[in-house]
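So the structure is just underneath, and the comments pick up after that.
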Number of protein chains: 6
Amino acid sequence: MKTVVVRNIQRTDAALVKRLGALGVATVHEAYGRAGLMKPYLRPVWAGGEAAGTAVTALVHPGDNWMIHVAVEQCKPGDILVVGCSADNADGMFGVRDAKSLREMGFPVWSKAISAKGTVKASLGAVNVPVVCAGINVIPGDAVIADDDGVVVIPGKDAAEVAVRAEKRHADEDGKRKQLAAGVLGLDMYNMREPLKKAGLVYIDEPEED
Amino acid sequence: MKTVVVRNIQRTDAALVKRLGALGVATVHEAYGRAGLMKPYLRPVWAGGEAAGTAVTALVHPGDNWMIHVAVEQCKPGDILVVGCSADNADGMFGVRDAKSLREMGFPVWSKAISAKGTVKASLGAVNVPVVCAGINVIPGDAVIADDDGVVVIPGKDAAEVAVRAEKRHADEDGKRKQLAAGVLGLDMYNMREPLKKAGLVYIDEPEED
Amino acid sequence: MKTVVVRNIQRTDAALVKRLGALGVATVHEAYGRAGLMKPYLRPVWAGGEAAGTAVTALVHPGDNWMIHVAVEQCKPGDILVVGCSADNADGMFGVRDAKSLREMGFPVWSKAISAKGTVKASLGAVNVPVVCAGINVIPGDAVIADDDGVVVIPGKDAAEVAVRAEKRHADEDGKRKQLAAGVLGLDMYNMREPLKKAGLVYIDEPEED
Amino acid sequence: MKTVVVRNIQRTDAALVKRLGALGVATVHEAYGRAGLMKPYLRPVWAGGEAAGTAVTALVHPGDNWMIHVAVEQCKPGDILVVGCSADNADGMFGVRDAKSLREMGFPVWSKAISAKGTVKASLGAVNVPVVCAGINVIPGDAVIADDDGVVVIPGKDAAEVAVRAEKRHADEDGKRKQLAAGVLGLDMYNMREPLKKAGLVYIDEPEED
Amino acid sequence: MKTVVVRNIQRTDAALVKRLGALGVATVHEAYGRAGLMKPYLRPVWAGGEAAGTAVTALVHPGDNWMIHVAVEQCKPGDILVVGCSADNADGMFGVRDAKSLREMGFPVWSKAISAKGTVKASLGAVNVPVVCAGINVIPGDAVIADDDGVVVIPGKDAAEVAVRAEKRHADEDGKRKQLAAGVLGLDMYNMREPLKKAGLVYIDEPEED
Amino acid sequence: MKTVVVRNIQRTDAALVKRLGALGVATVHEAYGRAGLMKPYLRPVWAGGEAAGTAVTALVHPGDNWMIHVAVEQCKPGDILVVGCSADNADGMFGVRDAKSLREMGFPVWSKAISAKGTVKASLGAVNVPVVCAGINVIPGDAVIADDDGVVVIPGKDAAEVAVRAEKRHADEDGKRKQLAAGVLGLDMYNMREPLKKAGLVYIDEPEED
């Protein structure tokens, strides 16, 4: 592990990030080919928050928050701090404390745990190097979109293409939502009846005798 | 696994379901001999919701929601969709997405996880066959009662008897609640002092030297 | 296991408990040398509650709440009931039911699970003996502080010293909070730049070629 | 929950069970349409054991083994005891003790945990009623096949058909195993190249620039 | 947390420890009133090992093994090192590495995880103070008995009484084992038929119609 | 997610991989600055196996093994297949079956679970793209070292430097092992006494009164 702080990272274009944020995690994740979604154990500390920004990363050792202080200095407006733990335990080590204040301030945080456990400042890590967080490899500057459904990460080089596809998807879904609200079934809207029949699905009127 | 859709299921009487729903999960579960309770990892997506209905079941493969579309067509007002995963992983595969919308719509959902993870439509499952969900075998048409304390399932054939017993229990509990509020101890209300003494419980005034 | 109920326990001074409660879990835990914090799986049943009191303990067998009734009689105003399970399973057995009522009454509870699972009254345990709960050994009369960040336990004999240290810490943190709000970095406030440099941290302007 | 012991259960034909046992869990599970597999947290207490038999079921309360004694009397040679816990905790309550003796005796057991935790004999359950165990609903008399890969349950009424299909599958797999050993690729053996191409899979010779 | 090393601890009598060790974890745990058993996530690194000794304790911070070196100096022949983590994460931090060597040397270790994760030497803890390990509060000098069924801890002051009761239990069990081997049922040996009948257990010959 | 197969990956030099493999997971992980270690839930299917090779990667969807067949064709002698799941569930989906055969063949596999669960062949993934597996981002061609202590991944560009450092560490450890075997304490060998004293560690001869 290199113990460096990288100062000049290449951030995904802010306008792109904003467009992705407007679409929400589920749509962006689908538009990215069902990839980029962090593991579902990462949950919002308070419900209803939403965030979209560019990743500043910190690689830390379990129970040691020295690098977090270093990383904060590298954060600019529009950044989201992403913390990865080097070779961590299955459960990770960092929780979040002051949950109540975060909720009151409306400061959005997604975390694996809430815990008041104190930390030390003993081991160097790194800032703005690639880190794995909740199962996703995050490159500094990547677009990070988070809401009640989880957190999705889109590499900077793919952000433009994903935004276009996600917006198209969103427009399509909008129409579909209206149809569903009007009572149309998914079965019909997606033309599933024929493929289901072909695959062998059979309708019967009485449960079989057990 | 039979890849069938059963159309005409026998639903538990709606009036019975309503009576059970009015009593809540804890009382119904007790009245059913402490049985029928789904595992506690099934949690409401938003707090405060309550639901009581008859089970329409879907048996799906992990990560595949094809059968959910098929099942929705079989749902009538008063039904609750119960999804089981064939031989699934310890953690199951289906989360729930659009958590925020569900909360805003007041649409009640109980789930093991919240996740934006996309699904495929590739494998046939079945609709309205018995499924195991969160440790309980659910027969289509069973009464399903859900609130903040969890989810309990009562087989249709037992619903009438359980409703009577649960209502009696509820009436008893009502009296007990009033006594407890008036300061009566559980020890006295349940006449526990004698059996505790018989079992060997001893009161002492000083902790023993360690 | 002794099956006893100890009646006259020595409670931590109420004024001390109040002072600790005013400081919150995170500050008290730090002031106690980063010790005393219960495992983070113990979560509040509803967000925003706070409690500070003296421990009345109950040692129970899994799924058996007989001793809880016994313990309630030993509780006085200002007490918090702490329940430990003898040699329990990894997940423990006691959940909490009636979550909705607890929220409505504003009755604060911290628990590993919410579950309507019924219990029996079959095995003796003990009341006001030391119990391990969520990884902490709790002596009857210990100070227990709980909020959204978790639960911390301070032995009675250490409470006065911890209160002093925690208040000092809180005063210091207050000044720090103001500095942080004014834009001062943790790096500067804690004089981290020099030790970080000494430890070998290097700032670079471009990510290295991969 | 009915507190009954059912004496005369209908056991799956012993010859069928033997045929299924000879094929192993993975093949039988596939032949049953990828269904019937108990959750993977059920593991053999010692590696290398194999068992095939008919289910005698016991429905117990957590930490209470009274019904196990009752169930043992109902077991005949060729039976496998399947224990389900009524509305149990996520982790279940029963471990297995005397692991060393079981290994030395060559007595095969599959369990969620190994634990010396003592049990009580306080609550009635039932014997030879349907129970959910590790996610599968088991009917008394069902065929149960267990080996190092896990445990699969085949309902008596399906056993004959599954045995035929599993034997055919096994014969096919035997041929495939020989081809694979001879160096044939799965890609060719299963004719996957065309469908993969159609689905859009592209081969490239250099990783793309990141 | 006091950062001390206590040098002169009072060890449980070696002859008593030996007697307890000869009886095994399950018997000792039962004889101690079903108490003292560490959580079942503590597993032997290799199967078949057994250990009985007196506890030397180390209280460490997550990922920091400084105190382990300090504790080793305090260990004498007949001691077992018990490591507790101050306010640790749900999963703890210390695994065990060099699993293969431990197996080859026949050096018995019980652990929550096996992991090669490196540690730091940065924070003081304590040696020979009470620690909570796997749910049990361990006092330095306590008797620790470990085998394939888990780990049980008996306080020094209770060891003599527990040894007597456990030996009596063992002698009784020996007779019972012979009876069971001769085909006697637990139902008869423990005279369960009458109490089961009284409790309401009913034998029927045919499963009820569903 | 790109649905591609990359054919010409750049493999870490085989001689380097061999050197790393000879040193074992723990030493290599330390020499790499305590980084690169996969999460400890990845366990060997059978104890005692060791493997060192270059990564061929497969990115799959949960429960879908189509890409594994594709990946096998890309494997050459000396490769290790590393499977990552796109945005998978906390528990992942792929277990390993035929555990017994793997043990008998001496074919080494590290896995999160053993499960006979069948898979489908429905969704494209990718082969030889970077994948996150057990918390580590693996680039095709990286060195992968696995033994009973876990799995560590060293990027190709760092392998030479890590091998040198790990060999030096191994030589040092060899000397230390001899000293330890001769009865030297870690406290003395690592000169810890002075820093421990400075940090405030105090030796006392009697436990304090509680």
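The values are calculated or read from the model by the stated rules, or taken from the named source; none is laboratory data. Just so it is clear, the model here is predicted, and its values are computed rather than measured. Quick reminder, even Gly has a Cβ in these numbers, built from the backbone with ideal geometry, and neighbours come from all protein chains shown. SASA here: full protein model, heavy atoms, side chains in, ligands and nucleic acids out. Shrake-Rupley method; radii C 1.70, N 1.55, O 1.52, S 1.80 Å.
At 24 angstrom or more along the helix axis (alpha-carbon based) and mean Kyte-Doolittle of 1.0 or higher, what helices does chain D contain? Whole DSSP H runs only. Walk me through the numbers before you get to the answer.
Numbers: long enough: D:156-181 (37 Å, -1.33).
Answer set is empty.
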_Cα-based shape type of the stretch F:115-210, given that a ≥ b ≥ c are square roots of the gyration tensor eigenvalues and the cut on a/c is 1.5_ = prolate
*Out of residues 5 or more away from E:Leu81 or on other chains, whose amide H comes under 5 Å of its own, with H placed 1.01 Å from N in the peptide plane?*
E:Val56
*Go through the stretch D:10-46 and flag every residue whose accessible area shrinks by 50 Å² or more with all protein chains in place compared to the isolated chain (probe 1.4 Å).*
D:Arg34, D:Leu37, D:Lys39, D:Pro40
*Could you name the aspartates and glutamates in cross-link range of F:Lys168, using Cα to Cα under 18 Å and dropping any fewer than eight places away on the same chain?*
F:Glu30, F:Asp158
*Axis-nearest residue of D (beta carbon) for the D-onto-F rotation, whole Å*: D:Ala47, 5
*In the F-B interface, the accessible area buried, summed over both sides, Å² (probe 1.4 Å)*: 900
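Suppose R0 equals 30 Å. What FRET efficiency, 1/(1 + (r/R0)^6) with r the Cβ-Cβ distance, do E:Glu73 and F:Glu50 give to the nearest 0.05?
0.35
Counting other Cβ atoms within 10 Å of each Cβ, which trypsin sites (Lys or Arg not before Pro) in the stretch C:113-195 have at most 13 and sit in a DSSP loop?
Working: sites: C:Lys117, C:Lys121, C:Lys157, C:Arg165, C:Lys168, C:Arg169, C:Lys176, C:Arg177, C:Lys178, C:Arg193; in loops: C:Lys117, C:Lys121.
Hits after loop and neighbour filter: nothing returned.
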*Considering only protein heavy atoms and a 1.4 Å probe, what is the carbon-and-sulfur percentage of the accessible area of chain B?*
53
*In whole Hz, with x marking every Gly and Pro, tabulate ³J(HN,Hα) for the stretch A:75-85 from phi via Karplus 6.51 cos²θ - 1.76 cosθ + 1.60, θ = phi - 60°.*
7, 10, x, x, 8, 10, 7, 10, 10, x, 10
*Residue with peak Gaussian network fluctuation, chain F [Cα springs, cutoff 10 Å], from F:Glu161, F:Glu173, F:Glu104*: F:Glu104
*Averaged per residue, what accessible area in Å² does the stretch A:14-168 show with a 1.4 Å probe, protein chains only?*
32
*Under the definition of partner shielding as Cβ atoms of other protein chains within 10 Å of a residue Cβ, what is the mean value for peptide E:55-67?*
4
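Which value, in nm² and rounded to one decimal, describes the direction-averaged projected area of the C-alpha convex hull of the stretch B:27-140?
Mean projected area of the Cα convex hull: 7.4 nm².
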*Inter-chain shielding of F:199-206 (mean C-beta neighbours from other protein chains, 10 Å cut-off)*: 6
*Which of the residues in the stretch D:127-143 lose at least 20 Å² of accessible area when you go from the chain alone to all protein chains together (probe 1.4 Å)?*
D:Val132, D:Gly135, D:Asn137
_How high is the relative contact order of chain E? Use alpha-carbon pairs under 8 Å, at least six apart in sequence, and give a whole percent._
31
*How far is the Cα center of the stretch E:1-49 from the Cα center of the stretch B:134-210, in Å?*
37
_Computed FRET value (nearest 0.05) for D:Lys178 with F:Met105, which takes r as the C-beta separation and R₀ as 22 Å_ = 0.90
*Based on the alpha-carbon gyration tensor of chain E and its eigenvalue square roots a ≥ b ≥ c, which shape applies: rounded if a/c is under 1.5, prolate if not and a/b is larger than b/c, or oblate?*
prolate
*Could you pull the copy-to-copy label distances for B:Lys18, with points set 7 Å along Cα to Cβ, in nm to one decimal and sorted shortest first?*
5.3, 5.3, 5.9, 7.7, 8.1
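Rounded, prolate or oblate: which fits the protein assembly as shown when a ≥ b ≥ c are the square roots of the eigenvalues of the alpha-carbon gyration tensor, with rounded for a/c under 1.5 and prolate only if a/b beats b/c?
The shape class here is rounded.
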